[in-house]
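Encoded as structure tokens, the structure appears first; notes follow it.
The values are calculated or read from the model by the stated rules, or taken from the named source; none is laboratory data. Given the structure is predicted, the values throughout are model-derived calculations rather than measurements. Cβ coordinates were reconstructed from backbone atoms using ideal geometry, including for glycine residues, and neighbour counts include every protein chain displayed.
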Amino acid sequence: MVLSPALPTSRPHLSPLSRRSLAEDATARLRRAVVSGELAAGAPLPEDGLATLLGVSRVPVREALIELEQEGLVEFDQRGRSRVRAFTEADFEAVFSMRCALEMMAARLVVQRMTDADVKDLEAMIRDQEAAKDLTELSLLDVAFHDRIIQAARHRPLAACWKTIRSQIEVWLARAHRAQAKRRLSSIKLTVPGHRRLMVGLCSGSERKAETAMRLEMATWREWLPA
């Protein structure tokens, strides 16, 4: 009797990339290009051209564009052609009001629910912001910091609502940082102290102090936008 070869007891370290991983990579690269301004507002997004630039087929590019449409960064016309969304002042006001409502709620919840691990992570993220190499990196780290605050609130519906606007917030933050740069102001020196003040409020044990600190953070952001 011939015995079948034994099956491997562990998974191989390397496995073929799935189409989904390519789509996720394409989404991340296109998102960063929109946030940085490399892809300007209103710029057309031809699938074949993007596929060539990214070195992939049109399928993951199409999936990436659909994902970015859901995030509010891309628009499709009636013919199915896509372009970078051109935000208006009214768009900003809508995102701003939503962000304020969500983060004020998060601040109140975090006071009661934040753990030592949360504090450690947030402080590390502030140090990463101090070391940011460019404005786009700072913008992404800025939003990641607020992502972590939402996570520390431990409220699933709140997190789900935040997810619908976070990419748009990245775009607006990047615009704010570029506006600061035009006025020869250091975005790092403006962002980091603000986040440190916010941490004081969140760690105070007082919902009122946490909410006040978050309100100041939102007011500072509002000062620079629309840009």
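Anything in the stretch 36-62 that is of a type in the set (Lys, Arg) and either closer than 24 Å to Ser139 by Cα or in contact with a Leu (Cβ under 9 Å, 6 or more places away or on another chain) (or both)? List them, or say none. So that I can check it myself, show each step before the final result.
If we filter the stretch 36-62 for residues that are of a type in the set (Lys, Arg), which is where we start, we get 58, 62.
Listed by number, the list holds a single entry, Arg58.
Considering only residues that are of a type outside the set (S, T, N, Q) and within 21 Å of Ala179 (Cβ to Cβ), which ones fall in the stretch 128-143? Break it down into steps so the answer makes sense when it comes.
Residues of the stretch 128-143 that are of a type outside the set (S, T, N, Q), as a first pass: 128, 130-135, 137-138, 140-143.
Correct list: Glu130, Ala132, Lys133, Asp134, Leu135, Glu137, Leu138, Leu140, Leu141, Asp142, Val143.
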Take the stretch 84-118 and flag every residue that is in contact with a Leu (Cβ under 6 Å, 6 or more places away or on another chain) and over 20 Å from Lys163 (Cβ atoms).
Val84
Restricting to the stretch 170-215, what's the tally of residues that are surrounded by 14 or more Cβ atoms within 10 Å (Cβ to Cβ), hydrophobic (A, V, I, L, M, F, W, C) and modelled with pLDDT of 95 or more?
8
Looking only at the stretch 141-154, decide whether some residue is surrounded by fewer than 14 Cβ atoms within 10 Å (Cβ to Cβ) and over 16 Å from the mean Cα position of the chain (by Cα).
no
Of the residues Leu65, Leu39, which is at pLDDT 95 or above, more than 15 Å from Arg81 (Cα to Cα) and not assigned by TED's automatic domain parsing to the domain that holds Val143?
Leu39
Do we have Gly194 as in contact with a Leu (Cβ under 9 Å, 6 or more places away or on another chain) and closer than 30 Å to Glu38 by Cα here?
yes
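Going residue by residue through the stretch 163-179, is there one that turns out to be over 22 Å from Arg31 (Cα atoms) and part of a helix (DSSP H, G or I)?
Here is the first cut: in the stretch 163-179, the residues over 22 Å from Arg31 (Cα atoms) are none.
No; the residues of the stretch 163-179 include none that is over 22 Å from Arg31 (Cα atoms) and part of a helix (DSSP H, G or I).
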Looking only at the stretch 87-125, filter to residues that are at pLDDT below 95 and assigned to a loop (DSSP other than H, G, I, E, B); which one of those is farthest from Ala41 (Cα to Cα)?
Thr88
For Ser167, only one of the following conditions fails: (1) touching a residue at least 60 places away in the same chain (Cβ under 8 Å); (2) on the phi > 0 side of the Ramachandran plot. What is its number?
(2)
